[in-house]
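*Asks:* Encoded as structure tokens, here's the structure I'll be asking about.
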Amino acid sequence: MSDPAPRLGHRNEARRADVWKSRRSRRVLVVVFTVAAVGSVVLVGVDLVVGRPAAGDLFVAFLNALAAVVLWRLWLKRRGHDEGPAH
């Protein structure tokens, strides 16, 4: 109850930036977008089976897959950077 209201340019912004840099948040984003991409591809398949136009779902599947690929690459790149060189 005694927490001060957040103000721009103060500690709360720094905490949010730290969250985006954490391994756990990156891993969660990778998993979420990968599952979303797979689910979107399944919806495209269902659209094709039932005869619905699949253009919208195909676009969403493309965007989810693109986000998943970019996040996987960033996560793997950062993961290798975090571990450092082997001695």
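*Asks:* What number of residues within region 30-46 satisfy the criterion of being in contact (Cβ under 8 Å) with a residue 12 or more places away in the chain and open to solvent by 50 Å² or more (accessible area, probe 1.4 Å)?
*Replies:* Looking only at that region, the number is 3.
*Asks:* Based on this model, can you work out whether A14 counts as at pLDDT below 95, part of a helix (DSSP H, G or I) and open to solvent by less than 90 Å² (accessible area, probe 1.4 Å)?
*Replies:* yes
*Asks:* Another one. What residue, among those in region 47-77 that are open to solvent by 100 Å² or more (accessible area, probe 1.4 Å) and charged (D, E, K, R), is modelled with the lowest pLDDT?
*Replies:* Checked region 47-77; the qualifying residue modelled with the lowest pLDDT is K77.
The values are calculated or read from the model by the stated rules, or taken from the named source; none is laboratory data. Since the structure is predicted, the reported quantities are computational estimates derived from the model, not experimental observations. Note that each Cβ is placed from the backbone with ideal geometry, even for glycine, and that neighbours are counted across all protein chains shown. Surface accessibility is based on the protein's heavy atoms, side chains included, excluding ligands, DNA and RNA. Shrake-Rupley method; radii C 1.70, N 1.55, O 1.52, S 1.80 Å.
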